Structure formats: structure tokens, C-alpha cells
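Okay, so here's the structure we're looking at.
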Amino acid sequence: MADHFSEIAHGLADVATGFHRRGWMLGTSGNLSAVVSREPLRLAITRSGVDKGALTPAQVLEVDEAGKVLAGEGKASDETSLHVEIVRKRDAGSVLHTHSVWGTILSEAHASAGGLALEGYEMLKGLAGVRTHEHREWLPVLANTQDYVALVRDIAATLDRHPGAHGLLLAGHGLYTWGRDVMEAKRHVEILEFLFEVRGRLHTAGVRPAGEV
């Protein structure tokens, strides 16, 4: 089990380094998790307040389903409960949360519509289960709040309403996405962040994309 956790922690640290280089997890922003075990549920999750550009495996903690730290030093991310809920609802093996410029802009721009539609892009085929560029991906946008009990309820209800969604946005905050493992969740981040930038640049150029709400 120790070797398994170490492998996961090193993988999350590598992901954080790459995301930081892309500008998706600057400073202490964002958090990353992966399932260590299902029964009982145990997560590896990044420690609160650490610079993601210098994240080390030692700064990845093991927590239980209540967010209690079982191994490692420091405080778990304030958003641990959100990771746990997404893991439960989506049977995910990993949950990744980024704070990119384009994700923040689009989350605010589409908050009043309740979500953002992405349609007609070849890159959509990088999302699990998507086989055609004609796919319409709806990313719900939820209001951000520091009341994490309420936010967990909102996320649970949103995931129930949108069972096909591969991610969600918190307004003025960032992207949550997930996958069966860290590599699939990483791919989803890369796909969605690419499309956020495309949509953002089209918007600044005054072009209205297909499916825009």
C-alpha cells in the first residue's frame, strides 16, 4: 500500500508541475486528488497552501472520506469534500481542479446561462466516450461559495442533472474534471483547457461559435 500511495503522489506532483508550466495552477491555486482505495474510501490529495509549481510527493496527503488526514503533514485542501463527492457520484479514480485565465473568464461570462456549451470541435474526441466532433459538451457553471457543505449539495445535484458532463466550472474560480485514473483526468483537463482558450479567443475576436449560449 505504501508503494501504491507513493506512485500516486509522484504522479500528482508531476501533473502539478506540468499544469503550472501551462499557467493552469499558478501559485497555490488548484488541487489534485486520486483514489488510493475504495473500501474504505481513501484519497491522495494535495496539501493546502502549497505552490503547485514546486509541489513534491511529500506534500500529497492521504485522507479518509471525511477529509481527515491519515498520512502526511499539514492540512488537506479546503475543497477535499468536493473531490470526495465527485468521486462518489462519478465513480472517478482522480479529480483535478485548475484555475486558468480562460476558465475563469468563461465561467464568469456564462454563469448567468448556467453553463457553457462546447460543440463541433475535433478535440472533444479526447473526452472519455466521445467519438465524434459533433458531440455537444455541456459544462455546468455553479456559483462559487466558501460554504462547502452547500457547494457539495450543489455539485451532487448538478451531476445528477447532467450525467454526461465531463466537468463543471465554479464561477470566477475554475474547472473541476475527473477520470477513471490520473492520466484520463489529466487528458480531460488538457482537452477542456484547450477549448476554453479557443472559445475565449474567438470571443475576443467577435466571433460567435456554434453552440454558444
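The values are calculated or read from the model by the stated rules, or taken from the named source; none is laboratory data. On a predicted model such as this, the values are computed, not experimentally measured, just so you know. Because the Cβ atoms are built from the backbone with ideal geometry, glycine has one as well, and the counts that use them run over all protein chains shown. Areas reflect the complete protein model, heavy atoms only, side chains present, ligands, DNA and RNA absent. Shrake-Rupley method; radii C 1.70, N 1.55, O 1.52, S 1.80 Å.
Residue pairs whose Cβ atoms lie under 9 Å apart, separated by 6 or more positions or on different chains, with the first residue in the stretch 174-193 and polar (S, T, N, Q) and the second in a helix (DSSP H, G or I) and open to solvent by 10 Å² or more (accessible area, probe 1.4 Å), are 177/191. The single condition among (1) crowded, with 20+ Cβ neighbours inside 10 Å; (2) more than 22 Å from residue 90 (Cβ to Cβ) that residue 146 does not satisfy is (1).
Among the residues in the stretch 18-31, are any of a type in the set (Lys, Arg) and closer than 16 Å to residue 80 by Cβ?
Pass one, the stretch 18-31, residues of a type in the set (Lys, Arg): 21-22.
From what is left, the residues that are closer than 16 Å to residue 80 by Cβ are none.
No, because not a single residue in the stretch 18-31 is of a type in the set (Lys, Arg) and closer than 16 Å to residue 80 by Cβ.
Only one of the listed residues (93, 103, 179) is surrounded by 21 or more Cβ atoms within 10 Å (Cβ to Cβ), under 14 Å from the mean Cα position of the chain (by Cα) and within 19 Å of residue 12 (Cβ to Cβ). That residue is 179.
The C-beta contact set for the stretch 154-172 (first residue among the aliphatic types (A, V, I, L, M), second residue open to solvent by 40 Å² or more (accessible area, probe 1.4 Å) and assigned to a helix (DSSP H, G or I), distance under 7 angstrom, 6+ apart or interchain) comprises 156/89; 159/89; 159/90; 171/108.
From the list 11, 27, 18, 53, which residue is on the phi > 0 side of the Ramachandran plot and either surrounded by fewer than 21 Cβ atoms within 10 Å (Cβ to Cβ) or over 17 Å from the mean Cα position of the chain (by Cα) (or both)?
Numbers: 11 fails: on the phi > 0 side of the Ramachandran plot; 18 fails: on the phi > 0 side of the Ramachandran plot; 53 fails: on the phi > 0 side of the Ramachandran plot.
Step by step, each of 11, 27, 18, 53 is checked, and only 27 is on the phi > 0 side of the Ramachandran plot and either surrounded by fewer than 21 Cβ atoms within 10 Å (Cβ to Cβ) or over 17 Å from the mean Cα position of the chain (by Cα) (or both).
Select from the stretch 1-44 the residues that are farther than 28 Å from residue 103 by Cβ and small (Gly, Ala, Ser) and list them in ascending order. Those that are farther than 28 Å from residue 103 by Cβ and small (Gly, Ala, Ser): 2, 6, 37.
Looking across the stretch 71-80, the residues that are at pLDDT below 95 and either open to solvent by 30 Å² or more (accessible area, probe 1.4 Å) or of a type in the set (S, T, N, Q) (or both) come down to 71, 72, 73, 74, 75, 77, 78.
For the stretch 9-127, which fully contained strands (runs of 3 or more DSSP E) count at least 2 residues that are touching a residue at least 60 places away in the same chain (Cβ under 8 Å)?
In the stretch 9-127, 31-37, 94-98, 115-119 are the strands (runs of 3 or more DSSP E) which contain 2 or more residues that are touching a residue at least 60 places away in the same chain (Cβ under 8 Å).
Does residue 53 qualify as being under 19 Å from residue 174 (Cβ atoms) and out of contact with any helix residue (DSSP H, G or I) (no Cβ under 7 Å at 6 or more places or on another chain)? Answer is no for this residue. The conditions of being surrounded by 14 or more Cβ atoms within 10 Å (Cβ to Cβ) and in contact (Cβ under 8 Å) with a residue 60 or more places away in the chain are not met by residue 135.
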